[in-house]
Amino acid sequence: MSDRVNTTRLQEMARAYTVSAVLYAALDVGLFTHVSNGCVKEADLANATGLRRIDIDRLVSCALSLDLLDWDGEELRNQADVEAYLVEGKERYAGPWMMFTRPDVPGWFEMTERMRTPKSSRLGMYDDLTVESARQYHKATSSIGFGAARRFVRMVDLTSRKHLLDLGGGSGAYSITAVEQFPGLKATVLDLPPVVLATEEYIADAGVVDRVATVGADFTEGEFPSPVDVVVMASNLPIYDGEVIGGVVERAFRALEPGGEMHLIGEMLDDDRRGPVDAAMWGMNELICGSEGRAHTRAECLGYFKAAGFVEVEVTDFVAGTLARCVGMKPIK
């Protein structure tokens, strides 16, 4: 006889927001940083954070239950991923990225009203972007962006390529990392005018001003700089609808030299749209941000490339369960 259904899964879903809230609070008070720095007793954590003992008890109990902390005898220790990514001062610290969508939280709880009375624009959250907001945006996203860029250059051999066009390149992570990895390569980051001013700061810090240029423009309209032999568009996919993405791919095809390649990296749904959850949620996030974007399936991305004229088109995992990469080649005449 099959097990009877119950409400456990649904209750967990209904209270899932509590998990995010605990993580935010732990980052707010530097819990994991304090543990890493030797505050491995709850009394020490209370002194270091200035919190009451009872609240440290509550927070530590949650962190242990969520597998963020563990016991090492009678002392606390961070789990491996927490130690790597949530300890301030470490090279791979990703706290700003974890907190990136925290300001959006109220909007998620207004989702029903927003669907009933929609107010959206083509660029959504980017409509009112300033240089300072672009700086803050990429301060939060650059750590994860450079990590993805390092993965990209390990997966894709650009040794024979001469010029990379980085659409919506933001911090310039892909361009900077690519020219550092491949000595014969130059790159151009094309992003909104306020963004590229922040991009230029990352380029200067990396010491690649002579090899990475910027163009301030909206990549959802107008022709692209050419000739180029590689085009990359990363982490922008759910921000736009199918018409915009299809148009971007078509214009990238025109800008590429024969034999050139395009890589579209983003959160793609499986073709039955039953996951990954993260891809679906980034699509819904565009309701909160006020754009017309949505989640795209792998098959749809293949279709955008084939309709533009690309050949040898395929979609592969980039980060399994999170990001996929669609690649296509422009035929040689």
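The values are calculated or read from the model by the stated rules, or taken from the named source; none is laboratory data. These numbers were taken from a predicted model, which means no experiment stands behind them. Note that we place each Cβ from the backbone using ideal geometry, even for glycine, and neighbour counts take in every protein chain shown.
Rundown of residues vs (1) assigned to a loop (DSSP other than H, G, I, E, B); (2) of a type in the set (Ser, Thr, Tyr), yes/no style:
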| site | (1), (2) |
| --- | --- |
| Ser142 | no, yes |
| Val195 | no, no |
| Ala198 | no, no |
| Tyr202 | no, yes |
| Val209 | yes, no |
| Thr214 | no, yes |
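Scan the range 258-283 for residues that are outside any helix (DSSP H, G or I) and exposed (fewer than 15 other Cβ atoms within 10 Å of the Cβ) and jot them down.
The initial filter retains those residues of the range 258-283 that are outside any helix (DSSP H, G or I), namely 258-276.
Across the range 258-283, the qualifying residues are Pro258, Gly259, Asp270, Asp271, Asp272, Arg273, Arg274, Gly275.
Residues in the range 272-291 that are charged (D, E, K, R) and in contact with a strand residue (DSSP E or B) (Cβ under 8 Å, 6 or more places away or on another chain): how many?
Let us first name the residues in the range 272-291 that are charged (D, E, K, R), namely 272-274, 278, 286.
From the residues that got through so far, the ones that are in contact with a strand residue (DSSP E or B) (Cβ under 8 Å, 6 or more places away or on another chain) too are 273.
Counting residues in the range 272-291 that are charged (D, E, K, R) and in contact with a strand residue (DSSP E or B) (Cβ under 8 Å, 6 or more places away or on another chain) gives 1.
Which residue is nearest to the chain's Cα centre (by Cα), if the candidates are limited to the range 304-326 and must be touching a residue at least 24 places away in the same chain (Cβ under 8 Å) and surrounded by fewer than 18 Cβ atoms within 10 Å (Cβ to Cβ)?
It comes out as Thr322.
Select from the range 6-41 the residues that are within 28 Å of the chain's Cα centre (by Cα) and among the basic types (Lys, Arg) and write down the one among them that is farthest from Glu74 (Cα to Cα).
Arg9
Considering only the range 62-72, I want to know if a residue exists there that is within 29 Å of the chain's Cα centre (by Cα), charged (D, E, K, R), outside the structural domain of Val277 (by TED's automatic domain parsing) and part of a helix (DSSP H, G or I).
No: the range 62-72 contains no residue that is within 29 Å of the chain's Cα centre (by Cα), charged (D, E, K, R), outside the structural domain of Val277 (by TED's automatic domain parsing) and part of a helix (DSSP H, G or I).
For the range 294-303, which positions are crowded, with 21+ Cβ neighbours inside 10 Å and either under 23 Å from Gly259 (Cα atoms) or of a type in the set (A, V, I, L, M, F, W, C) (or both)?
The answer is Ala295, Cys301.
Please go through the range 87-112 and give me each residue that is modelled with pLDDT under 90 and acidic (Asp, Glu), ordered by number.
Glu91
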